[in-house]
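Data first, discussion second: the structure below is written as structure tokens.
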Amino acid sequence: MTVDELDTRILRLLLEQPRTSVREYARILGVARGTLQARLDRLERDGVITGTGPALSPAALGHPVLAFVHIEVTQGHLDDVGDALAAVPEIVEAFSITGGGDLLTRVVARDNAHLEDVIQKLISLPGVVRTRTEVALRERVPHRLLPLVESIGRAARGDGILAP
């Protein structure tokens, strides 16, 4: 799917002003509401826009500890372990990976003791061979997509691919 300059302008607005109405987005961009809605529908259909819900803070929800847990899985059990991980509420993301381990999870916890309990739960899952945990100390670059969208927009305009 090709994302053009108007698409990147729309995506930038969605990231910068997520609670604005479609009518207001169309006004800001100087396009017809129908044009904007058609673009939004296509971006959703093509999987560029994957959600519209609020971003939540696990820390503000009482889970300030963030850890990345690498999980090594018995051969042939990756899907089973992946399904079991989905039942652990403290796992907020899980990815199949290459390198040291088979899965990488992002885990949140109330405190270190709670994190240990979660890790013990993971170790006890059938198919899990071992885990390795890395605790995050401080977020240095928060999750963001705006710089990527801006870079794609510059490339669509022909201004170059790399960000300054």
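The values are calculated or read from the model by the stated rules, or taken from the named source; none is laboratory data. Since the structure is predicted, the reported quantities are computational estimates derived from the model, not experimental observations. Quick reminder, even Gly has a Cβ in these numbers, built from the backbone with ideal geometry, and neighbours come from all protein chains shown. All accessible areas refer to the heavy atoms of the entire protein, side chains included, with ligands and DNA or RNA removed. Shrake-Rupley method; radii C 1.70, N 1.55, O 1.52, S 1.80 Å.
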**Report entry** Test item: Cα-centred dipole of segment 1-96, Lys/Arg +1 and Asp/Glu -1 on Cβ, debye
**Finding:** 820
Query raised in the report: Taking only DSSP H segments of four or more residues, each worth -39500 (n - 2.57), what value at 222 nm results for the chain once the sum is divided by all its residues, to the nearest 500 deg cm²/dmol?
Result: -12000 deg cm²/dmol
Requested in this report: Please tell me the relative contact order of the chain in percent, rounded to the nearest whole number, where contacts are Cα pairs under 8 Å and at least six residues apart.
Outcome: 27
Report task. Starting from the residue with the highest accessible area, list 95, 68 in decreasing order, probe 1.4 Å. Result -> 95, 68
Query raised in the report: What does the accessible area per residue of segment 9-164 come to in Å², with a 1.4 Å probe and no ligands, DNA or RNA counted?
Result: 67
Requested in this report: Determine the share of the chain's accessible area contributed by carbon and sulfur atoms, expressed in whole percent, with a 1.4 angstrom probe.
Outcome: 53
Report summary line: Given a Förster distance of 45 Å, the FRET efficiency implied by the Cβ-Cβ spacing of residue 44 and residue 113, rounded to the nearest 0.05, works out to 0.60
Query - Cα pair distances of the chain binned at 10 Å [whole percent] - result: 9, 28, 24, 23, 14, 2
Query raised in the report: Can you tell me the Rg and Dmax of segment 60-127, counting just the alpha carbons, in angstroms?
Result: 11.7, 38
Query - Selection of GluC sites (Glu not before Pro), segment 112-163, meeting DSSP coil and at most 16 other Cβ within 10 Å - result: 139
Query - Inter-label distance, nm, simple model (7 Å from Cα along the C-beta direction), residue 5/residue 144 - result: 2.4
Query raised in the report: When only alpha-carbon atoms count, how far does segment 76-164 stretch along each of its three principal axes, as whole angstroms with the largest first?
Result: 53, 33, 22
Requested in this report: Select from 38, 91, 108 the residue farthest towards the positive end of the dipole of segment 28-110; place +1 on Cβ of Lys and Arg, -1 on Cβ of Asp and Glu, and compute about the Cα centre.
Outcome: 38
**Report entry** Within the chain: Cβ-based charge dipole about Cα centre, in debye rounded to nearest 20 (Lys, Arg +1; Asp, Glu -1)
**Finding:** 740
Requested in this report: Using label points projected 7 Å from each Cα along Cα→Cβ, tell me how many nm separate residue 80 and residue 92, to one decimal.
Outcome: 3.0
Query raised in the report: Which distance in nm do the two modelled labels at residue 157 and residue 57 give, with both placed 7 Å along the Cα-to-Cβ direction?
Result: 3.3
